[in-house]
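Enquirer: Please find one structure pasted underneath; my questions will follow.
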Amino acid sequence: DTEVTQTPKHLVMGMTNKKSLKCEQHMGHRAMYWYKQKAKKPPELMFVYSYEKLSINESVPSRFSPECPNSSLLNLHLHALQPEDSALYLCASSRIPLLGEAFFGQGTRLTVV
Amino acid sequence: QQQVKQSPQSLIVQKGGIPIINCAYENTAFDYFPWYQQFPGKGPALLIAIRPDVSEKKEGRFTISFNKSAKQFSLHIMDSQPGDSATYFCAATGKTSGSRLTFGEGTQLTVNP
């Protein structure tokens, strides 16, 4: 199984809502990532978890809150988002260190209204 | 020094043509260079990757050429098909990158029938 599964596929939320994005992998990877991707742009790294601990936070606003409950699951909690946060949010996983393939999920298309 | 510069931004070829996408990097510590293919609404998927100890790698119709001295690498797609129409991202990482993939800006490829 070389899949990274993300739910939901699409999400529309208001600026006062709280929602969560979920990501799951069963490849035994101990690094998991959240990326944000705007249209016609490359993915931008947001967070990295290594061995279930947050190892990289790329100065992401606190309205995005990541969580890694176990080695297979990764969540991204969203609160008080802005319309400019609308994007494709991608989860990825890899072995540690990242010297080989990173597997991406299909993403969650988030629209903030 | 972390940049990866990718060109062209967009490319249109006829079916059977050989599109070539070029990337250049500055960080000599990079030692893994993947290419990702992304279809609209999907996450990036690894297409092919190369390490700097070889000058060329071929997988099916996809070939990476690598020039270590020039710090450049390129993707060639032989006998291109309309189904190859997608956005292609080059990327780079290495032991000092801390699990970061540095992406190029992407090339939108259109293969006309």
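Enquirer: Only residues that are among the charged types (D, E, K, R) and either over 21 Å from B:TYR25 (Cα atoms) or assigned to a strand (DSSP E or B) (or both): list them for region B:57-98, please.
Expert: B:LYS57, B:LYS58, B:GLU59, B:ARG61, B:ASP79, B:ASP84
Enquirer: Let me ask something else about it. Within region A:33-113, which strands (runs of 3 or more DSSP E) (wholly inside it) include 3 or more residues that are over 28 Å from B:ILE50 (Cβ atoms) and away from chain B (no Cβ under 11 Å)?
Expert: Where strands (runs of 3 or more DSSP E) fall fully within region A:33-113 and carry at least 3 residues being over 28 Å from B:ILE50 (Cβ atoms) and away from chain B (no Cβ under 11 Å), they are A:53-57, A:64-70, A:73-79, A:108-112.
Enquirer: While we're here: Could you tell me which residue of region A:14-31 is nearest to the other protein chains (Cβ to nearest Cβ), considering only residues that are modelled with pLDDT under 95 and in contact with a strand residue (DSSP E or B) (Cβ under 7 Å, 6 or more places away or on another chain)?
Expert: Taking the candidates together, the pick is A:ALA31.
Enquirer: Go through region B:1-28 and report how many residues are among the polar types (S, T, N, Q) and touching a Gly at 6+ places or on another chain (Cβ under 8 Å).
Expert: 3
Enquirer: While we're here: When B:ILE18 is evaluated against the numbered criteria (1) loosely packed, with under 14 Cβ neighbours inside 10 Å; (2) under 23 Å from A:GLN106 (Cα atoms); (3) modelled with pLDDT of 95 or more, which criterion, by number, is the only one it fails?
Expert: (2)
Enquirer: Please go through region B:85-102 and give me each residue that is closer than 29 Å to B:ILE12 by Cα and within 7 Å of another protein chain (Cβ to nearest Cβ), ordered by number.
Expert: B:PHE89, B:THR93, B:LEU101
Enquirer: Shifting gears a bit: For B:GLU105, indicate whether it is within 14 Å of chain A (Cβ to nearest Cβ), of a type outside the set (Val, Ile, Thr) and free of Cβ contacts under 8 Å to residues at least 40 places away in the same chain.
Expert: No: the conditions fail for B:GLU105.
The values are calculated or read from the model by the stated rules, or taken from the named source; none is laboratory data. Quick caveat, the model's predicted, so the values are computed rather than measured. Here the Cβ is made from the backbone with ideal geometry for all residues, glycine too, and neighbour counts use every protein chain on show.
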